[in-house]
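Structure first, then comments.
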Amino acid sequence: MNLEELIATEELCTKYRVEHTFIRNLNDSGLLEIITVEKTEYVHCDSISDFEKLRRLHYDLHINLEGLEAIENLLRQVKKLQKSNLQLRNRLNLYE
Amino acid sequence: MDFIDYYKILELDKSASQADIKKAYRKLARKYHPDLNPNDKSAQAKFQQINEANEVLSDPENRKKYDEYGKDWKHADQFEQAKQQRPQGGGGFGGFGGGQQQYSGNFEDDRFSDFFEEMFGGRAGGGAGRGRATHFKGQDFNAELQLNLKDIYTSQKQTITVNGKNIRLTIPAGVENGQTIKIKGHGGPGVQGGPKGDLLITFNILNNTNFKREKENLYATVDLDFYTALLGGEITVDTFTGKVKLAVKPETQSGTKVKLKGKGFPKYKKEDQFGDLYITYQIKMPTNLSAKEKELFQELQKLRS
């Protein structure tokens, strides 16, 4: 694992002004992966946009952890349906 | 520039209390937040209107000005001068004092309306949520690119325009319909020295060919005349890159599948490797038989029974 691609959770807490328990709770729920390297906890830079989204939903919209899990599942389904809808529309174009 | 009714946007009337505004804002923000409405541009636009309405109405001073001038906002400066009440520096229409709650989101464009800019002189700094909006990375931009199936048989370079910038990119052969590729560093600018966001391009592949595509394999149905199917022979079939001759075995049944190895689509990011083309024979029976033909078929039938 390239350390340059990792951001320390401590740094995340400082920059985004979130409690460390929030990041740990996200990890426990499977919503964010914490990577531990030599006793320091990190998050991969590719997960930052997901983290930002979860932070906004939690702190701005006051959605609790269970709500975040439900939203993540539903958003996954929405994206899957959007993709399937796009493919069906493309197939339909063949007959129009 | 049209007058914008912020009360209407928040579904409130003019007598609404600060608590009502907060409640309405929170309710609508939960409904239209871009994180909860992926790829929904109308929800994003609505959310920006809600944010703007809240920024005005949740600040008592700005709300007062908005209520006072309403539709006559264009003449607000003259009114102010006449009343000689314009405070120094940043007062009057000079912007917001900050402190109200403002939800943030992953927007492609977070500009406020022309009406807002004209009336309040631009958005105040730090409006992205209780001072917690420090971001390392800029916003990701989303774009959709429509291509024909034939276009992606080979890798090709294209120039696309995103937010007024021309970006030259190479589209790898074999890209999938609905696939999104990330172009690092072509999104919005980073905050506080952070890296730029990424550009996410989703491909919408239109298939206007006679081939059905599943990943790198292609599928086609070919009509086969009755006699060739029965006695065997040679036919010419279309592949994605041209015609090929194909030997047909005698007594070929309808629905028989033939694999043409390597005549499919290129594998994604492995342009020298190709999938296969699967051809399904559909046998066409002769019609409008003459009396002689009928007689001969009846003879054949007798031989078989």
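So if I place +1 on the C-beta of Lys and Arg and -1 on the C-beta of Asp and Glu, and nothing else carries charge, what would the dipole magnitude of region A:32-96 be about its Cα centre? I want it in debye, nearest 20.
Charge dipole of region A:32-96: 480 debye, to the nearest 20.
How much accessible surface area, in Å² rounded to 10, belongs to the heavy atoms of B:F297 with a 1.4 Å probe?
Rounded to the nearest 10, the figure is 60 Å².
Given 0.36 nm per residue, what is the gain on full extension from B:K259 to B:S15 after removing their alpha carbon distance, in nm?
Residue separation times 0.36 nm, minus the Cα-Cα distance, leaves 80.4 nm.
What shape does region A:2-96 have by the C-alpha gyration tensor, where a ≥ b ≥ c are the square roots of the eigenvalues, rounded means a/c under 1.5, and otherwise prolate means a/b greater than b/c and oblate the rest?
Since a/c reaches 1.5 and a/b is larger than b/c, the shape of region A:2-96 is classed as prolate.
At 222 nm, what helix-only mean residue ellipticity would chain A give, in deg cm²/dmol to the nearest 500, using -39500 (n - 2.57) for each DSSP H run of four or more?
-18000 deg cm²/dmol, from helical runs alone.
For chain A, which DSSP H helices look membrane-span-like by this rule: Cα extent along the axis of 30 Å or more and mean Kyte-Doolittle of at least -1.0?
A:65-93
Ignore the peptide's own chain and count Cβ atoms of other chains within 10 Å of each Cβ in A:48-61; give me the average, rounded.
If you average over the peptide's residues, the count of other-chain Cβ atoms is 6.
Please report the buried accessible area for the interface of B with A, total over both chains, probe 1.4 Å, in Å² to the nearest 100.
Buried surface at the B/A interface: approximately 2700 Å².
Determine ³J(HN,Hα), in whole Hz, for all residues of region B:178-184 in sequence, where each value follows from phi through the Karplus function 6.51 cos²θ - 1.76 cosθ + 1.60 and θ = phi - 60°; x replaces Gly and Pro.
Whole-Hz 3J(HN,Hα) from phi for region B:178-184: x, 6, 10, 10, 9, 10, 5.
Considering only protein heavy atoms, what is the solvent-accessible area of A:R91 at a probe of 1.4 Å, reported in Å² to the nearest 10?
Near enough 150 Å² of accessible area.
Between B:Q282 and residues 5 or more places away or on another chain, which pairs have amide H atoms under 5 Å apart, with H built 1.01 Å from N, and which residues are they?
Under 5 Å from the amide H of B:Q282: B:V222, B:D223, B:L224, B:G255.
Report, to the nearest whole %, how much of the accessible area of region B:134-184 belongs to carbon and sulfur atoms, 1.4 Å probe, protein only.
Roughly 44 percent of what the probe reaches on region B:134-184 is carbon or sulfur.
Roughly what percent of Cα-Cα pairs across region B:179-277 reach past 22 Å?
Result for the distance tail: 51 percent.
If the limit is 31 Å between Cα atoms, which of A:K39/B:K31; B:K41/B:K184; B:K8/B:K41; A:K15/B:K23; B:K41/B:K196 go over it?
The pairs that break the limit, which is 31 Å between Cα atoms, are A:K39/B:K31.
The values are calculated or read from the model by the stated rules, or taken from the named source; none is laboratory data. Note that this is a predicted model, so its numbers are computed, not measured. Ideal geometry is used to build each Cβ from the backbone, glycine not excepted, and the neighbour counts take in all protein chains shown. To get the accessible areas, we keep the full protein, side chains included, count just its heavy atoms, and leave off ligands, DNA and RNA. Shrake-Rupley method; radii C 1.70, N 1.55, O 1.52, S 1.80 Å.
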